[in-house]
Amino acid sequence: MKWSTLLFALVMATFPWDTRLAYAAPGLLIANTRGDNAIVQYTLPFADGDVPTTLLGSDAVEGPDHLLVEGDYLYISHGDSPETSAIARMNVADGTLEADFATGGALHRPYGFDFYNGTLYVASFKSDQILMYAQETGDYVGVFAETNGTEEGLCNGPNQIYISDDDGLLYMTTQGSNFNGTELNFLFNSQIVVYDLETGDGSVFLPPPMPLPGGAGFVSLLGVTVGCGTASAPAAGEACTMYTTDFAGGLRVYAMDPDGPTLLYAVETSYQAGVSTGSLSFDTAESQLYVPVWLNETSGAVVLRFAADDGASAGLLETDDSAIYIETDDGSTDLSRPIGVLFLPEAVDFSTEVPAASPGGSSAATACGSVALGCTAMMTWFAFVTVAVSSGF
């Protein structure tokens with residue numbers, strides 16, 4: 001065997017092939033608004049008895065709510081007081097956390113947020129405002145919208161946000177409340193409003209629907225996302241589709257027709273009386289959506305799974321009509337009043353130390369990421385085959 005052949009084999013064994021997509025398993029991030037395990041992650045597919053990994057504790061982020069990956073970062077809204085309220089961001093490559101990445105203004109109990117044209121738009125629940133921050137630096141920019149204390153003020157108890165990049169429209173669920181500095185006053189309807197980010201004009205997009213059977217008897221719209229047949233979320237029909245959850249119980253899906261939203265289907269999320277419902281997230285590859293729900297604020301929560309096209313139950317047991325996909329034991333604090341949920345095509349894994357990439361490229365460890373063992377094995381196998389072929393075996 002020639003030395004040049006051996007050298008080639010060794011180079012191939014250490015070349016930074018990106019095998020992450022081939023080996024990494026998907027993950028489901030959950031934001032617990034109670035307990036010590038603030039952000040946990042389940043590796044999918046879930047098997048009965050699996051326990052999550054804690055990515056962040058309550059000492060790092062307080063009462064986290066919404067989760068979103070943008071670029072190299074996982075962004076998290078958290079904090080319940082003006083002093084602790086912030087948008088945190090965590091580098092998904094090495095776990096570096098900036099707990100107070102975006103602060104300032106009258107930010108108080110941030111819930112939903114999204115990005116548009118370099119600006120971060122945040123729903124500040126207890127100041128009844130939508131606030132703006134610079135995406136790159138987190139610097140405070142100003143107020144985009146705020147309530148005027150009337151139904152027409154729109155921004156009453158702002159909750160979750162979805163922004164359509166195609167037309168610059170911001171959709172937001174509202175609880176219908178105002179905060180007077182000491183308590184919430186439920187004065188208005190829970191509805192979905194829409195703002196034009198270029199003009200600032202706002203209007204009601206979805207008036208308050210009727211409560212669903214099995215729910216709490218009222219409506220408090222929470223999670224929202226829109227799909228137009230793009231990677232952001234699947235569409236259930238030819239028109240764009242809006243998916244929204246109801247804290248008081250329920251999942252509703254609407255066709256976004258030119259004349260207004262048309263209900264496609266609604267399903268109950270209250271698998272037993274008294275259950276509250278969190279937000280929602282898509283697995284676009286499988287056209288499924290995940291919804292966390294809970295009965296007890298400190299333990300015993302579950303994650304439901306539904307088919308996105310028709311709302312059919314897609315629970316862990318295929319022979320069962322239940323939508324329960326992840327279930328925790330009574331007394332478990334793995335899921336404690338979980339509201340935020342985020343499906344990831346690849347689970348976050350900081351167990352492997354990742355060195356800095358060399359200029360103009362990436363290191364082998366960076367390319368292999370969380371699947372270093374599988375990546376190394378493949379490279380070694382490739383090198384062995386190369387040597388064997390060159391030696392005439």
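The numbers here are math on the coordinates, done by the rules we state, and not lab data. Because the structure is a prediction, the values reported are computed rather than measured. Here the Cβ positions follow ideal geometry from the backbone for every residue, glycine too, while neighbour counts run over all protein chains shown.
When Lys and Arg each count +1 and Asp and Glu each count -1, what net charge do the other residues less than 13 Å away from Ala38, Cβ to Cβ, add up to?
Here the count lands on -4.
How big is Rg to Rh over region 151-285, alpha-carbon atoms, Rh as the Kirkwood inverse-mean-distance radius?
0.96
For region 26-362, compute Rh as the Kirkwood radius over C-alpha pairs and then the Stokes-Einstein diffusion coefficient at 10 °C and 1.306 mPa s; write the answer in µm²/s, rounded to an integer.
79 µm²/s
Could you run the Karplus curve 6.51 cos²θ - 1.76 cosθ + 1.60 with θ = phi - 60° over region 86-103 and give me ³J(HN,Hα) per residue in whole Hz, x for Gly and Pro?
6, 9, 8, 9, 10, 5, 6, 7, 10, x, 4, 10, 10, 5, 10, 4, 10, 9
Translational D (Stokes-Einstein, µm²/s) of region 203-344 at 10 °C and 1.306 mPa s when Rh comes from the Kirkwood sum over C-alpha pairs?
104 µm²/s
What list of ³J(HN,Hα) values in whole Hz, one per residue of region 108-119 in order, does the Karplus curve 6.51 cos²θ - 1.76 cosθ + 1.60 (θ = phi - 60°) give from phi, with Gly and Pro shown as x?
8, 6, x, 10, x, 7, 7, 10, 7, 6, x, 10
Between Asp329 and Thr96, what is the FRET efficiency for a Förster distance of 25 Å, r being their Cβ-Cβ separation, to the nearest 0.05?
0.15
Assuming R0 = 35 Å, can you tell me the calculated FRET efficiency for the pair Leu317 and Thr54, based on Cβ-Cβ distance, to the nearest 0.05?
Result of the calculation: an efficiency of 0.85.
Mean separation of Cα pairs under 8 Å and 6+ residues apart, divided by the residue count of region 26-362: what relative contact order is that in percent?
14 percent
With a point put 7 Å past each Cα toward its Cβ, work out how far Asp259 is from Thr199 in nm, to one decimal.
The modelled label-to-label distance comes out at 2.2 nm.
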